[in-house]
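Notes follow once the structure below has been shown.
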Amino acid sequence: MRKPFLGGNWKMNTDKASAVALASALADSVGSLTDKVDVAVCPPFVYLDTVSQALAQSSIAVSSQDIYFESNGAFTGEISTDMLKDVGCEYVLVGHSERRHVIGETDELINRKVKAAIAAGLKVIFCVGELLAQREAEQTDEVVKQQIEKGLVGIDAAGAANITIAYEPVWAIGTGLTATPAQAQEVHAMIRNLIAGMYSQDFADQVRIQYGGSAKPANAAELMSQPDVDGLLIGGASLKPEDFTSMIASAAESV
Ligand code: 13P
């Protein structure tokens, strides 16, 4: 049985006061739902420390939105794994579509980041997903397969046990267009099959695969009812504590 896992990706939103207010409101409202659902929030780097402190008494984990693969040195503007652990991060997002397509990160860079995070003892939410043109050209499976195979090069099953995969079709992110539950299920099942081939069926049965892309209270239950959808990675709706909590409740009911 895979415990549902919901992540709230705040992206480049909030300020210090609203980040703390959001984290505190969430901690108050989730209550015992975290017995049934793992929950993490991903604030901007500069608020990680403060948000970690605000969540210290809760079971909500903290994740960064990115990472750098070198451990220290002359890498102006970058943030290392040790720095993230130092401020209470348990998870890191790697390969988010906005980093792939807006910032220009390659599969090779993403692979180095995944390896560095695992080596440092961090858990990774590894994001993949196709562009609209790729879906329209019926290349979804191939694109996602390549992203996973290249992103996980050199990572054995012990390392991969620290990974959650987030399938986020780029055309659904922030657009209000959600993949239908059937579309999400189809890609999630393909991903689980791929992971079974790369590692083992037992391993694939354990790995959690989140869906992301305009997930909201109105569609959370239906998405979570799909057999291979084990969680959600939520952008916009995670900035509203009542919406995020309602989605966590839907995930708890899906168990
Ligand atoms: P939205 O939920 O705002 O579409 O964002 C999804 C996402 O990119 C989460 O990482």
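So, in the range 234-250, of the ones that are small (Gly, Ala, Ser) and within 12 Å of the ligand (Cβ to nearest atom), which residue ends up surrounded by the fewest Cβ atoms within 10 Å (Cβ to Cβ)?
Step one: filter the range 234-250 for residues small (Gly, Ala, Ser), giving 235-238, 246, 249-250.
Now drop any that are not within 12 Å of the ligand (Cβ to nearest atom), which leaves 235-238.
Values: GLY235: 23, GLY236: 18, ALA237: 20, SER238: 27.
Checked the range 234-250; the qualifying residue surrounded by the fewest Cβ atoms within 10 Å (Cβ to Cβ) is GLY236.
Identify, by number, the condition in (1) within 16 Å of the ligand (Cβ to nearest atom); (2) surrounded by 23 or more Cβ atoms within 10 Å (Cβ to Cβ); (3) outside any loop (DSSP other than H, G, I, E, B) that ALA117 doesn't meet.
Going through (1) within 16 Å of the ligand (Cβ to nearest atom); (2) surrounded by 23 or more Cβ atoms within 10 Å (Cβ to Cβ); (3) outside any loop (DSSP other than H, G, I, E, B) one by one, ALA117 breaks only (1).
All but one of (1) surrounded by fewer than 18 Cβ atoms within 10 Å (Cβ to Cβ); (2) closer than 16 Å to GLY8 by Cβ hold for GLY231, so report the exception by its number.
Evaluating GLY231 over (1) surrounded by fewer than 18 Cβ atoms within 10 Å (Cβ to Cβ); (2) closer than 16 Å to GLY8 by Cβ leaves (1) as the failure.
So in the range 85-100, with the set limited to residues that are surrounded by fewer than 24 Cβ atoms within 10 Å (Cβ to Cβ) and part of a loop (DSSP other than H, G, I, E, B), which one is nearest to the ligand (Cβ to nearest atom)?
GLU90
For a quick check of your reading of the model, give me the residue pairs whose first member lies in the range 75-98 and is more than 11 Å from LEU48 (Cα to Cα), whose second is at pLDDT below 95 and within 16 Å of the ligand (Cβ to nearest atom), with beta-carbon atoms closer than 8 Å and at least 6 apart or on different chains.
SER97/ILE173; GLU98/ILE173
Restrict the check to the range 162-176 and report whether at least one residue is within 13 Å of the ligand (Cβ to nearest atom) and free of Cβ contacts under 8 Å to residues at least 40 places away in the same chain. Can you show your working first?
Applying the first criterion (within 13 Å of the ligand (Cβ to nearest atom)) to the range 162-176 yields 164-176.
Checking the rest, the ones that are also free of Cβ contacts under 8 Å to residues at least 40 places away in the same chain come to 175-176.
Yes, the range 162-176 has at least one match.
Of all residues being more than 16 Å from the ligand (Cβ to nearest atom) and among the β-branched types (Val, Ile, Thr) in the range 56-84, which is nearest to THR14 (Cα to Cα)? Just the residue, please. Quick ask: steps written out before the conclusion?
Step one: filter the range 56-84 for residues more than 16 Å from the ligand (Cβ to nearest atom), giving 56-60, 68-84.
Still in the list and also among the β-branched types (Val, Ile, Thr): 60, 76, 79, 81.
Values: ILE60: 18, THR76: 24, ILE79: 20, THR81: 23 Å.
So the residue we want is ILE60.
Please find, within the range 177-220, the residue that is surrounded by the fewest Cβ atoms within 10 Å (Cβ to Cβ) out of those that are part of a helix (DSSP H, G or I), free of Cβ contacts under 8 Å to residues at least 40 places away in the same chain and within 16 Å of the ligand (Cβ to nearest atom).
ALA218
When the range 151-168 is examined, which residues are found to be small (Gly, Ala, Ser) and in a loop (DSSP other than H, G, I, E, B)? Give the steps one after another, and end with the answer.
Of the residues in the range 151-168, the ones small (Gly, Ala, Ser) are 151, 154, 157-161, 166.
If the condition is that a residue be small (Gly, Ala, Ser) and in a loop (DSSP other than H, G, I, E, B), then GLY154, ALA161 are the ones that fit.
Restricting attention to the range 15-23, does a residue exist that is of a type in the set (Val, Ile, Thr), in contact with a helix residue (DSSP H, G or I) (Cβ under 6 Å, 6 or more places away or on another chain) and assigned to a helix (DSSP H, G or I)?
If we filter the range 15-23 for residues that are of a type in the set (Val, Ile, Thr), which is where we start, we get 20.
Imposing the further condition that a residue be in contact with a helix residue (DSSP H, G or I) (Cβ under 6 Å, 6 or more places away or on another chain) reduces the set to 20.
Checking the rest, the ones that are also assigned to a helix (DSSP H, G or I) come to 20.
Taking every residue of the range 15-23 in turn, at least one turns out to be of a type in the set (Val, Ile, Thr), in contact with a helix residue (DSSP H, G or I) (Cβ under 6 Å, 6 or more places away or on another chain) and assigned to a helix (DSSP H, G or I).
As an exercise: evaluate GLN53 against (1) at pLDDT 95 or above; (2) more than 16 Å from the ligand (Cβ to nearest atom); (3) part of a loop (DSSP other than H, G, I, E, B) and give the number of the one condition it does not meet.
(3)
Scanning for something of a type in the set (A, V, I, L, M, F, W, C) and in contact with a Cys (Cβ under 8 Å, 6 or more places away or on another chain), does the range 23-43 turn up at least one residue?
no
Identify, please: which residue in the range 36-50 is without any contact (Cβ under 8 Å) to a residue 40 or more places away in the chain and part of a helix (DSSP H, G or I) and is, among those, surrounded by the most Cβ atoms within 10 Å (Cβ to Cβ)? Write out each step before concluding.
At the first step, the residues of the range 36-50 found to be without any contact (Cβ under 8 Å) to a residue 40 or more places away in the chain are 43-47, 49-50.
This time we only want the ones that are part of a helix (DSSP H, G or I), so: 45-47, 49-50.
On the way: PHE45: 15, VAL46: 12, TYR47: 22, ASP49: 16, THR50: 17.
Step by step, filter the range 36-50, then rank; the result is TYR47.
Please work out if GLU253 is of a type outside the set (A, V, I, L, M), touching a residue at least 12 places away in the same chain (Cβ under 8 Å) and surrounded by fewer than 22 Cβ atoms within 10 Å (Cβ to Cβ).
Values: of a type outside the set (A, V, I, L, M): yes; touching a residue at least 12 places away in the same chain (Cβ under 8 Å): yes; surrounded by fewer than 22 Cβ atoms within 10 Å (Cβ to Cβ): yes.
Yes.
The values are calculated or read from the model by the stated rules, or taken from the named source; none is laboratory data. Everything quoted here is computed from the prediction, not taken from an experiment. When we count neighbours, we look across all protein chains shown, and the Cβ atoms used for this are built from the backbone with ideal geometry, even at glycine.
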